[in-house]
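Heads up: the structure comes next, in structure tokens.
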Amino acid sequence: MKTYVITGGTDGIGKGIAIDALEKGNVVINIGRNRQKGMDFLKHAEGIGAGSRAVFLQADLSLVRENRRVIAEIGSRFPKIDVLVLCAQHGRSVRDETDEGYEHTFALYYLSRFLFSYGLKTQLNHADQPVIVNVCAPGVEAGQIHWDDLQLTSHYASMNTALMQGSRLNDLLGVAFADNNKDLGIRYVLFNPGGVSTSFSGDYDSGTKQMIEQFKKLAKPVSEGIQPIVQLIEQPPETAISAYIEGKELSLAHESFDPSKAERLFRLTSSLLRNSSGYVGI
């Protein structure tokens, strides 16, 4: 029996992985902001005889304080974690800031994943084959990091600007995590699932909504999209850091995975979080 922690696990790819894990006899700690979806997850777990192995923690992971609260609760209740799956995402057509002053996509799509990766590494290191799967978009050439404006105060041209920057940040997050934790046996997997028909959680303008609905008609179902992820969880790669697009492994000999940039981002992020209110360590 393994213990899974899944952010954004009440919908789409995260939910698909959560249900698959429960059906195989594992414990699943599912984190999401929508209480009703969380209750639906618990009800489903009860229906398949897995109620005692299902946990739902409600949290808005765009808030640093909420990430820290949930990470602390998980750490106190579960001394060993085998699998961490990072799926939480929420698109926004218009730039918005959290009440902590962070651009929303930067906070949810990157900062939350940073906090969970480092915040649960002790519990992960107690597992036999620990693996972190960061569901993002390695292998996509689009997007750039605005090093002088990570919050996109001047560069939020569209939702895609924020999402693609977030993807490039996550590429570097994985590289830095592997480099900073060479003594641990944790496998960090960056995974691009390709086109999958999820709910595409977000606050969109009418044009974007129409595009999403058309895309969902062409995309593969969640049940198909999660299969390569499930395989990597059950048989983690040998290397500390790896990247995949659907079932194909990507070369890390690309500027998206530049170790010097990864270290630069790690230092910037650590400094940003140290300067935030209520700082209690990474």
Is there a quick way to get the dipole size of the range 157-256? I mean about its Cα centre, with the Cβ of Lys and Arg at +1 and of Asp and Glu at -1; what is the value in debye to the nearest 20?
260 debye
About the Cα centre of the range 75-210, how large is the charge dipole given +1 on each Lys and Arg Cβ and -1 on each Asp and Glu Cβ? Please answer in debye to the nearest 20.
480 debye
Checked against the positive end of the charge dipole of the range 3-274 (+1 on Cβ of Lys and Arg, -1 on Cβ of Asp and Glu, about the Cα centre), the farthest of 147, 211, 6 is 6
Of the DSSP H helices in the chain, the ones reaching 24 Å or more along their long axis in Cα terms and averaging at least -0.5 in Kyte-Doolittle hydropathy are 159-180
Separation between Cα centres of the range 131-152 and the range 1-76, rounded to whole Å
25 Å
Say the cut-off is 27 Å between C-alpha atoms; which of 37/182; 24/121; 43/209 go over it?
37/182; 43/209
With +1 on each Lys and Arg Cβ and -1 on each Asp and Glu Cβ, and nothing else charged, work out how big the dipole of the range 3-274 is about its Cα centre, in Debye to the nearest 20.
500 debye
How would you rank 152-158, 29-35, 176-182, highest first, on the average number of other Cβ atoms within 10 Å across their residues?
29-35, 176-182, 152-158
Against the empirical 2.2 N^0.38 Å scaling, what ratio does the C-alpha Rg of the range 1-109 come to?
1.08
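Quick note: the coordinates plus some simple rules give every number you see, no bench work behind them. All values derive from a computational prediction rather than experimental measurement. Don't worry about glycine lacking a Cβ; one is built from the backbone with ideal geometry, like all the others, and counts go over all protein chains shown.
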